[in-house]
Amino acid sequence: MAAFFVKRTLNANQIFTCRSSLLPITVQCCAYGEMVNGPIKQLEDKVARGELMSDEHQRKVVDELERVFHQVENYEPPLRKGLFSKWIMGKGNKKKKKTPKGLYIYGAVGGGKTMLMDLFYNCCQLENKQRVHFHSFMLDVHSKIHEIKNTVVRDRSSNKLQPYDPIPPVAEEIIKKAWLLCFDEFQVTDVADAMILKRLFTELFNNGVIMIATSNRSPDDLYKNGLQRSNFIPFIQVLKDHCTIHCLDSGIDYRSKASSGKEKNYFVKGEDSDKDIDKIFKYLCSMENDVIRPRILSIRGRNVTFKKTCGQVMDSTFEELCDRPLGASDYIEICQAFHTVIIRDVPQLNLKIKSQARRFITLIDTLYDSRIRIVISAAAPHTELFAPEADAEYTDEKRALMDDLQISHGSEDHKSNIFTGEEELFAFDRTVSRLSEMQTTEYWQEWDRHR
């Protein structure tokens with residue numbers, strides 16, 4: 001038997017990497033109570049229909065996903081049986097049911113990691129499952145930590161330290177909702193995430209959570225050159241103890257191999273680029289039941305204004321989206337409000353504008369994950385949009401940060417990504433790959449199918 005990627009005749013490089021294209025099939029099966037086969041059979045059926053071709057690199061991943069699929073069929077984590085019974089039985093119950101090992105899939109961009117994970121996810125007819133972008137998951141974790149800390153009642157009459165660990169109740173809340181967690185783009189770039197991951201996932205794994213994850217990084221390279229990485233390293237072993245680690249790297253980026261759509265939606269800045277985008281915006285507005293107007297989105301208690309929108313179409317600029325201090329939570333709200341986002345005047349990015357480059361990477365990741373359509377005008381083709389040779393010198397701001405953190409030149413933290421921008425260089429390969437797919441006709445048409 002063989003593993004698979006999509007035939008070019010259907011431009012299925014896009015269908016292959018596309019998560020949404022598989023949803024109607026599996027949802028229909030679940031709706032009518034038909035038996036849903038495992039990942040291998042699902043893919044074999046697609047081969048029989050002529051939609052897929054063999055890829056031996058993916059075959060081994062599918063075998064592992066099939067293993068997990070069968071192991072979770074009749075599995076239930078101990079926490080769901082009740083905290084009280086767990087407390088009563090805990091010490092005397094030496095025959096604790098073993099939790100199945102999850103799967104951590106890593107490899108180069110565009111190889112089909114996300115498609116395979118989502119195929120597995122759609123095969124699992126479980127109520128307690130969640131598929132989420134890892135960055136969004138961690139945003140939610142930090143929000144839960146903040147909420148729980150605000151509910152703690154402290155004895156103000158005492159001068160003694162009153163330590164409180166919010167991680168166990170946060171983990172419990174996560175497990176009650178889902179014990180099968182599927183993460184797309186598992187990566188660690190934030191020091192706040194790095195510092196809590198070991199405690200959080202130790203708690204999750206100890207209470208029976210099973211994790212499937214995709215990443216461009218091997219476990220040993222997670223948070224590479226991150227600030228205070230020595231405190232993060234113990235998490236890597238926790239990850240290896242609870243997940244089978246598998247590399248998927250065929251050396252092919254199927255997204256970049258796909259041909260772009262007949263209708264152009266990526267423009268290199270020139271005399272006519274603004275006029276061309278104006279025409280696209282005017283056409284899209286004709287499909288909306290609204291007028292052109294500013295729009296205010298309320299995001300986590302604050303108002304964010306976008307100057308030019310019409311219904312579910314937003315006409316914005318790089319400055320509006322990436323020069324302001326916006327993050328993943330803001331971009332998620334944009335995905336909820338709009339099906340098409342125009343981004344004008346994207347400059348050639350480099351490490352001198354690292355903050356804006358990081359926001360652009362996060363923006364494209366979020367839009368892609370929600371299958372939002374984009375139209376872009378930029379200073380360079382998407383394959384040349386990031387210029388790594390324009391290295392960033394140590395600015396006064398960086399020197400001040402080093403002083404605040406008491407980091408000296410030549411130390412390990414001196415080479416941290418927060419100063420070198422190495423993670424941005426690595427992540428932009430994924431952005432280029434996704435921009436390639438987002439220019440295709442198949443990607444553009446996905447919103448209509450999703451709607």
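Observations on the model:
- Here TRP87 fulfils each of the conditions (1) assigned to a loop (DSSP other than H, G, I, E, B); (2) at pLDDT below 50 apart from (1).
- Meets criteria (surrounded by 15 or more Cβ atoms within 10 Å (Cβ to Cβ) and modelled with pLDDT of 90 or more) for ILE252: no
- Selected residue (only one of LYS177, LYS224 is touching a strand residue (DSSP E or B) at 6+ places or on another chain (Cβ under 8 Å) and of a type in the set (D, E, K, R)): LYS177
- LEU326 being within 30 Å of SER143 (Cβ to Cβ) and crowded, with 20+ Cβ neighbours inside 10 Å: no
- The conditions of being more than 17 Å from THR317 (Cβ to Cβ) and either open to solvent by 30 Å² or more (accessible area, probe 1.4 Å) or outside any loop (DSSP other than H, G, I, E, B) (or both) are not met by ARG344.
- All positions within segment 347-378 that are buried (at least 22 other Cβ atoms within 10 Å of the Cβ), β-branched (Val, Ile, Thr) and assigned to a strand (DSSP E or B): VAL375, ILE376
The values are calculated or read from the model by the stated rules, or taken from the named source; none is laboratory data. Predicted, not measured: the structure shown is a model, and the values here were computed from it. Positions of Cβ are backbone-derived with ideal geometry, glycine not excepted, and every protein chain shown enters the neighbour counts. We work out accessible area using only protein heavy atoms, side chains counted, and drop any ligands, DNA or RNA first. Shrake-Rupley method; radii C 1.70, N 1.55, O 1.52, S 1.80 Å.
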